[in-house]
Amino acid sequence: MQRGKADSGSCSRLRLCTFGEDHGSGSRGTENRPLPSPEPLAPMIPNISVTFAAAVRAAPCVAPGSSLRASRGRLGIGSGRCAAKAVAAVFHEVGKPMELREIPLPERLNEGELLVRMEVATICGSDLHTVSGKRQEPMPLVLGHEGVGVIERIGSDIFSGNRPRHRGWKLQEGDRITFSVADSCGMCPECTLHKLPQKCVSLMKYGHARMSEGTGLNGTYATHVLLRPGTHAVKLPSTLSSRVCSPANCALATVVNALDMARLPRYGSNKSAVVQGVGLLGIYAVAWLKKRVGMDSVFCLDMDSERLKTAEQFGGIPLLVTGGEEEFWERQRFIHKHYPHGVDVAVEMTGAKNVIHEGVQLLRNGGHYSFAGMVHPDSQLSSLTGETIIRKCLTIRGVHNYTPWNLEEAVKFLDEQREELPLESVLSPTSYALSNINDAIKEAFSGRYCRVVVNCQDVF
């Protein structure tokens, strides 16, 4: 695996902090080491740098003055049961450095818990929103919720008070897994009656939880993550790479939920769709509609010509959006030429509220509109009237995250289509080292790739 590039023209003193200690300057026993600082981020991105260096002081697993590289096994990097510490990238606040920090691994796991050694993670757009300040999260925290790892230990302390893991007998140490982004109780009305475990009354989401919650290993930008008993884990087939599977537990599983076959129109041909926005969610939506639903035509609308080219590889009909009323009517004419009565399904994956009017115009009577992208406050639907919905007999469904069975379907779909779809094309060709997480974030902000991949075991 290649690491992300760093600017070798300048140096700064960076160090690794032990979880729980004061990470200010001047700590006794700290070894500072000059390392290349990453290239400056674009002006719109906060000035974030990664700090790390040698182990900070004498401890049972790390001798004073020993290097992080020499201590890789004892820090839990690529090690088994003897691992004592993990390394995680900690985000403190907008505009402040992200630092690599040691976090002790639990000596004993409670019933149902899984200690997972992360292999890769991918950078989701929601993490970029947190880094730029558009999304508010409790801090400090370990970001990241997309990823793939190997089960290192399985909790079996039956006196911990935890309930057993659902179908836990199917998992064993050494299994390579992906897992749901949310941990749920499995007992509240949302989990049982409403079949919405992602809305559990005691929900915890990986990559969105403060470090003070539990062990602190709550995000995938780390060498390890500790999965709670209510987190659904799916064993991955050997035919799929960890890189390809990493976004499955966010983008693809959400698409599977948004386009659940049982929710789509029950009457009519159900052979056409419009996908608004072809980021990774939109591209996966094109693939799902073509390959699983079996639609003849999936029109893709986006302002990025490169993303449209990728969507075309997944089976979409690309339509570039440049703005203007005339272009709007030209798209309407083009689509209605093929489907005079309108398309069966429209999928909003852009996060932009101004696309709703066009989506409604393109739908046939009795059509289905799935909202999945506008997960933010600036989403007032002022252009959409109740009269329009009623007269066209439309079904509008809001979708947020997914259920465990959606994740199972997502992994199955990837395996079925691994030779048919260019699954690697949506990923950065380079897997960035965890120690270069800031360079990876900068690459993600550039928008060149739908997902930037991080090698979680490459710390130095």
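We did not get these values from a lab; they are worked out from the coordinates using the rules stated. In this text the structure is predicted, and so the values were computed from the model without any measurement. All Cβ positions, glycine included, derive from the backbone under ideal geometry; neighbour counts span all protein chains shown.
Here are a few things to note about the model shown:
- Three-way shape label, the stretch 253-398, alpha-carbon gyration tensor, a/c 1.5: rounded
- Label-to-label distance, nm, for residues given as Thr239 and Arg397 (7 Å Cα→Cβ offset): 2.7 nm
- With the simple model of a label 7 Å out from the Cα in the direction of the Cβ, Arg448 to Ser382 spans 3.9 nm.
- Protection-proxy order for peptides 96-106, 398-408, 268-278, each taking the mean of Cβ atoms within 10 Å per residue, highest first: 268-278, 96-106, 398-408
- Global geometry of the stretch 131-269, whether rounded, prolate or oblate, following the gyration tensor of its Cα atoms and the 1.5 cut on a/c: rounded
- Residue order, fewest to most surrounding Cβ atoms within 10 angstrom, among Cys185, Cys191: Cys185, Cys191
- Note on Glu173/Asp415: beta-carbon distance plugged into 1/(1 + (r/R0)^6) with R0 of 25 Å gives a FRET efficiency of 0.65.
- Length released on extending from Lys291 to Met261, taking residue separation times 0.36 nm less the Cα-Cα span: 9.6 nm
- Protection proxy ranking, peptides 217-230, 107-120, average beta carbon neighbours within 10 Å, highest first: 217-230, 107-120
- Here the dipole of the stretch 253-398 is about 660 debye; that uses its Cα centre as origin and unit charges on the Cβ of Lys and Arg (positive) and Asp and Glu (negative).
- Cross-link check: pairs Lys199/Lys353; Lys170/Lys291; Lys271/Lys392 evaluated at a Cα-Cα cut-off of 20 Å; pairs beyond the cut-off: Lys199/Lys353; Lys170/Lys291.
- Per-residue ³J(HN,Hα) for the stretch 428-440, Karplus 6.51 cos²θ - 1.76 cosθ + 1.60, θ = phi - 60°, Hz, x for Gly and Pro: 5, x, 9, 9, 6, 5, 4, 5, 10, 4, 5, 5, 5
- Cα gyration tensor, the stretch 415-460 - rounded (a/c under 1.5), prolate or oblate: oblate
- Cα centroid separation, the stretch 428-460 to the stretch 352-400 (Å): 35 Å
- Note on Ile441, Ile151: ascending count of other Cβ atoms within 10 Å places them as Ile151, Ile441, the fewest first.
- Using 0.36 nm per residue and subtracting the Cα-Cα separation, the extra length available between Ser156 and His92 on full extension is 19.7 nm.
- Residues of the stretch 331-365 with an amide N closer than 18 Å to a point placed 7 Å from the Cα of Met303 along the Cα-to-Cβ direction: 331, 348-359.
- Toward the positive end of the charge dipole of the stretch 253-398, with +1 on the Cβ of Lys and Arg and -1 on the Cβ of Asp and Glu, the farthest Cα among Leu308, Val256, Val375 is that of Val256.
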